[in-house]
1. Could you give the accessible area per residue of the chain, probe 1.4 Å, as a whole number in Å²?
2. On a full-extension model of 0.36 nm per residue, what is the gain between N245 and R77, subtracting their alpha-carbon distance, rounded to one decimal in nm?
3. Give, rounded to the nearest 20 debye, the magnitude of the charge dipole that the stretch 86-183 has about its Cα centre when Lys and Arg contribute +1 at Cβ and Asp and Glu contribute -1 at Cβ.
4. Taking each full run of DSSP H in the chain as one helix, which ones are at least 27 Å long along their axis (Cα atoms) and have mean Kyte-Doolittle hydropathy of at least 1.6?
5. About the Cα centre of the chain, what is the dipole size in debye to 20, counting +1 per Lys and Arg Cβ and -1 per Asp and Glu Cβ, all else neutral?
6. Past 32 Å, Cα to Cα: identify those pairs from K66/K185; K159/K243; K131/K212; K212/K242; K193/K243; K159/K185, in the order given.
7. Under a Cβ-Cβ limit of 4.7 Å, which cysteines in the chain have nobody to pair with?
8. Pop the C-beta distance of M98 and C32 into the FRET formula with R0 = 22 Å and round what comes out to the nearest 0.05.
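The values are calculated or read from the model by the stated rules, or taken from the named source; none is laboratory data. Everything numeric here is computed off the predicted structure, so don't read it as measured data. Virtual Cβ from ideal backbone geometry, glycine too; neighbours counted across all protein chains shown. Heads up: the accessible areas ignore ligands, DNA and RNA and are worked out on the full protein's heavy atoms, side chains in. Shrake-Rupley method; radii C 1.70, N 1.55, O 1.52, S 1.80 Å.
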Amino acid sequence: MKLRYKIANGVLIVLALALASLAVVLSYESDCEPAPAIAGDAERMQAIAYRCYGSADVLQLEEVEKPTPGDNEVLVRVRAAAVNPLDWHYMRGSPYVMRLASGIGAPDDTRVGVDFSGIVEAVGSGVTRFKPGDEVFGGRNGAFGEYVVVPEDRALVLKPDNVTFEKAAAVPVAALTALQALRDKGQLQPGQKVLINGASGGVGTFAVQIAKSMGAEVTGVCSTRNVEMVRSLGADHVFDYKKENYTESDNQYDLIVDMVGNHSLSTNRRVLTPEGTMVLVGGAKGDWFAPLSGPIRAMLYSPFVDQTFIVLLARIDRDDLQVLSDLM
C-alpha cells in the first residue's frame, strides 16, 4: 500500500512540475524585435504590426513589403477596417493557452486585424469570381494594412452597393458570430422566442437583427442608455438590466444567446423552455483559466439536463459572409 501511495505521489509531483513548466513557457514574453529589412526593389506599403505581446504600445506603424497575389488569390486595397476583441486577444496573447497556436514568447504572425472592406486591385491567373475594381469585404489577417491578399475561396464577397465601406468592414467577425450562434448552434426557427444577453454590443446588435430576419420573437438585454437603440434594431421586448433581472421573470425562451455571462447556467435554466438551448459566446476575462470556466461548465452540465448548453467558436466562412451580404 505504501508503494502505491509513493507511486501516486510521484505521478502527482510530475504532473504538477509539468503544468508549472508549461505555465512558465506560455506566460513568457520576449522583447519586441525590430522589423526585418525589405529588399531594395520590393514594392512597399504601410501596415500595423506587432512583434511581441503586450498593451497597445506594441502596435507599430511599419513599412512592409506589399503582398503579391498568387494564382488563386485576390489583392485588395483596404478602404476600411474594424477592431474586434479578437484583435485584442491576439495582441495580448491572452488567454495564454492561445499562444500554443499564435506563438510562444512572441507572435508567429505579426500582422494585425481581420475585418476589412476595399477594392480589388489585382487577381491571380486562376481567379474567376473577382476582377479589378470590384468592391468587396471579408476577413483576413493583416487587415490593418494598405493591402491584403485573400485566397479566392476564402472569406471574401462582393460588397452590397447600398452599404458604405465603413459599414461593411464592421460586419464580418461580429455578424458571423451572431449568425452562427442563432442558426447553427441555436437552431432557431420562425416563431420561437430568443433572448439576447448583451444586445447592445457588437455581436448582440447583429444578433437582434438576424434573429428578427429569421422570424423569431426577440428579447434583448442591455443597459438603460441603450434600450431605445435595441428597440430600433427590431427587438420586440427589452430588459434594462439595471432595473430588472431577466432570470427572475415569468418568461421562457427557446434560445438564449449570452455574450455577458453574468448569470449562472442553473439560473438561466429557469427561463429556458424544457428543451431549450443556451449558446455561450466569449468567456470571462483572465489570462489563465477564467476564460475556460464557461465552456467547461457547459460541457459538464449538458449531459445531466434536457436543455442544451453549448459554446460557440465562430468561423470566418465565405458562404456565411454571402448570407450577411444578402441581408444587408
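1. Numbers: 17420 Å² over 328 residues.
With all protein chains present, the chain gives 53 Å² per residue.
2. Values: separation 168, 0.36 × 168 = 60.48 nm, distance 4.65 nm.
Taking 0.36 nm per residue and subtracting the Cα distance, the gain is 55.8 nm.
3. Numbers: 10 positive and 12 negative charges, 64 e Å.
Dipole about the Cα centre, nearest 20: 300 debye.
4. On the way: long enough: 2-27 (37 Å, 1.63).
Those that pass (Cα extent of 27 Å or more, hydropathy at least 1.6) are 2-27.
5. Details: 31 positive and 40 negative charges, 253 e Å.
Taking the Cα centre of the chain as origin, the dipole is about 1220 debye.
6. Working: K66/K185 39 Å; K159/K243 40 Å; K131/K212 34 Å; K212/K242 25 Å; K193/K243 22 Å; K159/K185 27 Å.
Beyond 32 Å between Cα atoms: K66/K185; K159/K243; K131/K212.
7. Lacking a cysteine Cβ partner under 4.7 Å: C222.
8. On the way: r = 19 Å, r/R0 = 0.86.
The pair M98/C32 has a calculated efficiency of 0.70.
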